[in-house]
Structure formats: structure tokens, C-alpha cells
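What follows is one structure encoded as C-alpha cells, with my remarks underneath.
The values are calculated or read from the model by the stated rules, or taken from the named source; none is laboratory data. Predicted model, so just to flag it, every value in this text is computed and none were measured. Here Cβ is always computed from backbone atoms with ideal geometry, including for glycine, and neighbour counts include all displayed protein chains. Heads up: the accessible areas ignore ligands, DNA and RNA and are worked out on the full protein's heavy atoms, side chains in. Shrake-Rupley method; radii C 1.70, N 1.55, O 1.52, S 1.80 Å.
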Amino acid sequence: RCIPADECDLCSHRGSMFVLAVISDILRIQPGQFNKEIQTIEHELEKKYTNKVIINVGLCVELHDILETGDAHVYPGDGAAHITVKFRMVMFQPFPTEIVQGKIKAATPDHIQISLGFFDDIYVLPSELPDQSEYVEEERTWRWNYTTDSDEESHQLYMEPGETVRFRVANISYAPPAPRPSLLKQAPEKEDTAAPAASLPAPELMTIHASMRDNGLGPLTWWAAAEEMQE
């Protein structure tokens with residue numbers, strides 16, 4: 001479950017696109033790591049979850065804290081300890097209509113790709129660009145041919161890679177994870193004493209669909225120039 005951003009001290013500093021998710025999992029600790037259990041748990045959680053997507057929750061950014069750990073269980077034939085851990089992860093989870101800033105990473109005739117630095121799967125389709133926008137093949141970028149009401153002259157405003165843009169989150173989609181090769185074979189029957197298996201988070205399967213159609217959206221330089229003209 002996720003804690004609303006306005007109730008989270010950490011998220012209030014990061015912005016509303018981040019929330020805390022409470023997660024429970026079972027970790028396997030090797031015998032040689034028993035003397036540094038907490039450090040090992042933190043390392044294993046970071047390795048297992050950071051930069052992974054949990055379907056319908058968001059992208060795991062970093063471990064926030066460990067809430068509690070259960071008793072360790074050792075199973076026959078396995079000298080490792082299996083510990084249930086309850087912890088909180090910082091999740092990247094923007095909501096529809098939220099306004100976010102990023103940088104244009106790439107442009108094709110089919111879309112503009114935007115990066116936040118830690119997340120690149122943000123796409124703006126041509127239908128979500130301002131009217132009279134066109135793709136300039138020789139420059140591999142999009143251009144808005146803007147005409148003011150006061151004159152009939154067309155102003156060519158470019159959306160170039162590396163430029164900082166403001167966009168609105170339209171929706172977020174999650175793709176179901178592909179079957180793991182090891183799961184395609186029938187698993188052998190196990191005895192009741194076998195260690196319980198914890199489900200792994202899905203790989204990066206999260207896509208943000210964005211829009212830059214409204215006033216104030218798009219490259220920041222557009223609107224800075226407009227404000228200067230008004231002054």
C-alpha cells in the first residue's frame with residue numbers, strides 16, 4: 001500500500017510524484033552474513049527492488065527504511081536464514097494531470113521521448129503536441145509553426161533534444177511481465193519443508209504518456225520569451 005504524499009515527510013520534500021510503498025518480502029541470508037544482518041538486508045532490498053517496476057504501484061527509487069523483521073527460519077538442506085522483512089520504498093508514481101519537467105531525449109516522426117534522468121519511458125505523441133506541429137526530418141526534431149492573432153507571420157519554435165520541457169501526465173500504462181524462462185517448465189514437487197518463495201518485482205514495464213498541448217507546456221524557452229515580449 002502507498003502513503004499519500006501529503007502525509008509523508010520524505011515525499012513532501014521530493015514532490016507529489018513520489019510516494020512511500022509498504023512492502024513485505026522474504027529474504028535469504030547466507031550464514032556468513034548473520035553477524036551483519038541489517039546491512040545485508042538493506043543491500044539485498046536495494047539490489048532486488050531499486051529501478052524495478054511494481055505493477056500498478058510505480059518505479060522503485062530507493063529504500064526508505066525497514067519497519068520490522070520476523071524470526072529467521074532455516075530449512076533442511078539449506079543453511080541460510082529466511083527472514084520476513086517489512087519495509088518502505090520510495091516510489092515514483094506521478095498521477096494523471098500532474099505537471100512535470102524533464103528533458104527531451106530523442107525525437108522521431110512517431111513521438112518525442114522525455115527523460116527525468118532516472119526514468120526515460122515518457123512519450124509525447126504527435127496528437128499531444130500543439131496544433132501545426134511538424135517533424136523536421138533533416139534536423140530530427142519537432143517544430144511548432146506558431147501564428148499569432150495579431151499577424152499572419154509564422155514563428156518557428158523548435159523542440160530540440162536536450163531542451164528542458166514542461167509536460168502534463170496523461171496516463172500511465174503497465175505491461176504484464178513476460179513469463180520467466182524458468183517458469184516455462186513444470187516445477188518439481190517440493191516437500192512442505194521447502195522455503196517459501198517471495199515474488200520478484202517486475203522489470204521496467206512502466207510507460208508514461210504525456211501531453212504538451214496546453215498553454216505553458218513545452219520548452220521553457222518558449223514561455224520565457226513570451227513573458228519578455230509582454231514586459
Problem - Complete set of residues in the range 57-113 that are closer than 30 Å to Trp142 by Cβ, hydrophobic (A, V, I, L, M, F, W, C) and open to solvent by 50 Å² or more (accessible area, probe 1.4 Å) - result: Phe95, Ile99
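Table: residues versus (1) modelled with pLDDT under 50; (2) closer than 24 Å to Ala224 by Cβ; (3) among the β-branched types (Val, Ile, Thr); (4) loosely packed, with under 10 Cβ neighbours inside 10 Å.
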{"residue": "Ser154", "(1), (2), (3), (4)": "no, yes, no, no"}
{"residue": "Leu157", "(1), (2), (3), (4)": "no, yes, no, no"}
{"residue": "Glu163", "(1), (2), (3), (4)": "no, yes, no, no"}
{"residue": "Phe167", "(1), (2), (3), (4)": "no, yes, no, no"}
{"residue": "Ile172", "(1), (2), (3), (4)": "no, no, yes, no"}
{"residue": "Pro176", "(1), (2), (3), (4)": "no, no, no, yes"}
{"residue": "Leu184", "(1), (2), (3), (4)": "yes, no, no, yes"}
{"residue": "Pro188", "(1), (2), (3), (4)": "yes, no, no, yes"}
{"residue": "Asp192", "(1), (2), (3), (4)": "yes, no, no, yes"}
Practice task
State whether the residues of the range 205-221 include one that is under 23 Å from the mean Cα position of the chain (by Cα) and modelled with pLDDT under 90.
Solution key: yes
Problem - the range 28-45, residues that are at pLDDT 90 or above and of a type in the set (A, V, I, L, M, F, W, C) - result: Leu45
Fill in the blank from the handout: A careful count of residues in the range 46-72 that are at pLDDT below 90 and either in a helix (DSSP H, G or I) or of a type in the set (D, E, K, R) (or both) gives 1
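Can you tell me which residues in the range 35-65 are in contact with a helix residue (DSSP H, G or I) (Cβ under 8 Å, 6 or more places away or on another chain) and closer than 16 Å to Asp120 by Cα? Step through it out loud before you land on a result.
Filtering the range 35-65 down to residues in contact with a helix residue (DSSP H, G or I) (Cβ under 8 Å, 6 or more places away or on another chain) leaves 40, 60, 62-64.
Residue satisfying the conditions is Cys60 alone.
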Exercise for the section: Would you check if there is a residue in the range 110-129 being part of a loop (DSSP other than H, G, I, E, B) and either at pLDDT below 90 or among the small types (Gly, Ala, Ser) (or both)? Expected result: yes
